[in-house]
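As structure tokens, the structure follows; a few thoughts come after it.
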Amino acid sequence: MTRRALAATAPTARPGSRAGERCYPYATVLPVMLVVALFTVYPLIYCVHLSLHENVLTRPLDHDFVGLQNFREVITGYYFWRSLCSTALFASMAVLAVTLYGLGTALLLNQAVLGSALLKVVVLLPWAIPAVISGIIWRWIFDGDYGVLNGLLLVTGVVRRYVPWMSHTVTARLCMVVAHVWKQGPLAAVFLLAALQVIPPELHDAAHIDGAGRWDGFRFVTLPYLKATLALVLIYETIVAIATFDLVYVMTGGGPADATAIIGWYAYTEIFRFLNLGHGAALAIILGVALLGLVLVYLRALGSEET
Amino acid sequence: MARGGSSRLEPALLNLACLGVALFILAPFAWMLVSSLAGEAELTRRPPVFVPSPPTLANYAFIFTGQLPRDPARHGIFVWQTSHEVRLLLPALRNSFIVALSVMAANVVFGALAAYSFARVDFHGRRSAYAFILTSRLMPAVAVAIPFYAIVQRLELLDTYRALILVYLAFTFPFTIYFLSVYFRYLPAEVEEAALLDGCTRFQTLLRVVAPCAAPGLVAAAAFAFMTAYNEFLFALLLTQTIAAQTMPVLLAAVATNPAVSHALLAACVILALIPPGLLALALRGYLTRGLVASVAR
């Protein structure tokens with residue numbers, strides 16, 4: 001995207017007539033470059049260095065070069081695989097739910113009814129607020145002792161006594177997914193709505209004249225148009241789900257029984273509970289490479305959508 | 001959109017579905033608002049009191065002034081004593097505002113300057129500098145947590161606003177520059193060329209000709225930068241230690257993970273903390289939506 005756009009603007013640039021004009025672009029780009037470089041180049045080198053050395057804060061004098069031992073220990077560790085499973089489970093549920101919810105919301109927002117106008121006003125709210133706060137809100141809703149969900153279910157007679165939603169592995173995961181969908185869904189909906197709005201209305205009319213029903217219209221007119229955006233949303237939401245941290249921190253603390261200890265949380269505890277910086281850095285690199293792979297897929301999908 | 005016999009029923013169904021989604025979005029906020037107007041005793045009943053009567057502002061009064069409630073039985077005076085950190089909400093909000101407003105201002109000024117150069121000025125290394133800034137954003141946050149801490153420690157900036165502002169600038173600049181340079185490129189170049197021919201410098205052209213045209217883009221970029229800084233949690237947690245620099249998400253996470261917290265007080269904190277991003281999201285809805293769409297789809 002950037003290459004094409006840059007090439008398109010080249011003719012408007014004029015050779016600077018004065019020395020000040022010649023320095024101008026460098027002077028404007030430099031401050032930004034410095035800040036970004038300070039927090040990109042050095043951290044990368046530092047992280048690789050950490051991962052190749054023994055670095056446990058409880059043993060501050062041992063800093064031997066250990067090669068790939070940190071990576072080996074992390075990969076063969078029991079908790080790594082558990083957290084991978086938790087991550088895969090959470091990410092697949094979350095991505096699926098966010099995409100379906102986002103698609104449904106986008107389809108509703110694209111309708112010419114009064115309710116749709118109302119929905120448009122409020123839809124961005126969950127996206128705009130801190131993830132920490134959405135975690136706090138949902139934790140309080142699902143609370144096993146005083147949560148309002150339990151209260152409502154009790155009043156309507158669905159349950160006889162309060163259910164400790166956050167204390168069972170299965171329901172705790174579901175609670176996290178609900179909170180995640182609530183927070184992330186609006187963004188997916190906005191993206192998909194933008195894609196829906198460029199579908200020429202004549203296509204739907206034509207399909208209708210040809211005798212296509214509601215479902216056929218969606219299946220053969222809407223869906224092909226949405227395919228590229230859907231792919232983007234899926235990849236983007238996968239990255240977001242895998243990198244989830246704030247929600248785990250305030251909602252579950254990784255529990256119960258490590259059911260929600262997804263990989264970002266696991267890296268955090270390696271570093272800040274067990275103070276093993278070498279392990280933490282190795283984990284961070286593994287996670288970083290995995291996410292980078294996804295990002296590259298994302299950019300490729302983005303590029304193919306444009307051409 | 002009249003289609004066949006079911007056309008009268010359909011809008012009703014669609015409206016109902018819209019209301020359902022709106023309810024899902026709004027109900028959690030509504031319950032927080034209700035909780036913040038209730039006493040602790042009403043919230044810890046089974047089932048809770050769904051409509052506190054009469055609603056009370058005692059929770060807010062305590063956060064703002066430290067005034068204890070007149071009705072201790074209703075408010076559970078014991079949990080208030082274990083929830084004294086909520087009194088730190090206002091300083092934490094002040095910290096959040098200072099950091100977020102600084103990040104926003106720096107993004108608008110430096111981000112717009114750099115983005116305009118990337119969009120319209122030809123200079124050596126433009127392409128690689130642009131690519132470098134954009135790819136820097138691909139690094140996941142956890143991966144750089146330890147090095148960031150080390151850098152900030154070495155600069156002797158731990159527990160200061162400046163550390164958070166620097167880190168958030170590194171996070172927000174790439175998006176701002178991408179977003180604004182795309183925006184600038186879509187403006188008509190003829191006016192700028194005329195200004196340059198009339199003897200304006202690049203800077204004057206940006207200030208007098210481009211900035212007024214790009215005002216909606218600048219507003220959206222400013223709002224995104226503000227929200228990113230206001231909402232960020234992980235690095236605020238790592239890089240601050242005391243209320244001298246702790247931002248609102250760090251404080252609220254500490255309050256919320258305290259098992260003996262008063263939920264009514266916590267709810268009042270949440271409502272107060274939600275006001276700035278909530279207002280932004282409602283007031284700048286159009287700008288933000290268009291900005292979000294432009295950031296992926298263009």
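Observations, loosely collected:
For (1) of a type outside the set (A, V, I, L, M, F, W, C); (2) under 28 Å from the mean Cα position of the chain (by Cα), each residue gets a yes or a no:
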| position | (1), (2) |
| --- | --- |
| B:22 | no, yes |
| B:53 | yes, no |
| B:60 | yes, yes |
| B:65 | yes, yes |
| B:74 | yes, no |
| B:107 | yes, yes |
| B:112 | no, yes |
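- Some residue of region A:287-296 being in contact with a helix residue (DSSP H, G or I) (Cβ under 8 Å, 6 or more places away or on another chain), modelled with pLDDT under 80 and assigned to a helix (DSSP H, G or I): yes
- Number of residues in region A:222-278 that are among the aromatic types (Phe, Trp, Tyr) and within 15 Å of the chain's Cα centre (by Cα) equals 3.
Every residue, every condition in (1) within 21 Å of residue B:60 (Cβ to Cβ); (2) in contact with a Cys (Cβ under 8 Å, 6 or more places away or on another chain); (3) assigned by TED's automatic domain parsing to the domain that holds residue B:98, yes or no:
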position	(1), (2), (3)
B:221	no, no, yes
B:243	yes, no, yes
B:257	no, no, no
B:266	yes, no, no
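- Residue match in region B:285-295 (condition: touching an Asp or Glu at 6+ places or on another chain (Cβ under 8 Å), closer than 30 Å to residue A:300 by Cβ and part of a helix (DSSP H, G or I)): no
- Every condition in (1) surrounded by 20 or more Cβ atoms within 10 Å (Cβ to Cβ); (2) at the interface with another protein chain (Cβ under 9 Å from one of its Cβ atoms); (3) within 28 Å of residue B:134 (Cα to Cα) is met by residue B:250 except one, and the failing one is (3).
- Here the condition is being of a type in the set (Ser, Thr, Tyr), touching a residue at least 40 places away in the same chain (Cβ under 8 Å) and in contact with a helix residue (DSSP H, G or I) (Cβ under 8 Å, 6 or more places away or on another chain); of B:228, B:205, B:242, B:201, it holds for B:228 alone.
- Filter pass, residue A:101 being at the interface with chain B (Cβ under 7 Å from one of its Cβ atoms), of a type in the set (Phe, Trp, Tyr) and touching a Phe, Trp or Tyr at 6+ places or on another chain (Cβ under 9 Å): no
- Residues that are out of contact with any helix residue (DSSP H, G or I) (no Cβ under 9 Å at 6 or more places or on another chain) and of a type outside the set (Lys, Arg) occur in region A:131-151; there is at least one.
- Set B:11, B:52: member being in contact (Cβ under 8 Å) with a residue 12 or more places away in the chain and either farther than 30 Å from residue B:160 by Cα or within 12 Å of chain A (Cβ to nearest Cβ) (or both): B:52
- Filter result (in a helix (DSSP H, G or I), hydroxyl-bearing (Ser, Thr, Tyr) and touching a residue at least 60 places away in the same chain (Cβ under 8 Å)) within region A:17-72: A:51
- Where residue A:169 falls short, out of the listed (1) without any contact (Cβ under 8 Å) to a residue 60 or more places away in the chain; (2) over 30 Å from residue B:226 (Cα atoms): (1)
- Residues located in region B:159-194, provided they are facing another protein chain (nearest Cβ under 9 Å), closer than 25 Å to residue B:132 by Cβ and aliphatic (A, V, I, L, M): B:166, B:167, B:169, B:170, B:177, B:182
- Of all positions in region A:221-228, none carries a residue that is under 30 Å from residue A:139 (Cα atoms), in contact (Cβ under 8 Å) with a residue 60 or more places away in the chain, assigned to a helix (DSSP H, G or I) and of a type outside the set (Phe, Trp, Tyr).
The values are calculated or read from the model by the stated rules, or taken from the named source; none is laboratory data. Treat the numbers as computed from the prediction; the structure is a model and nothing was measured. Ideal geometry is used to build each Cβ from the backbone, glycine not excepted, and the neighbour counts take in all protein chains shown.
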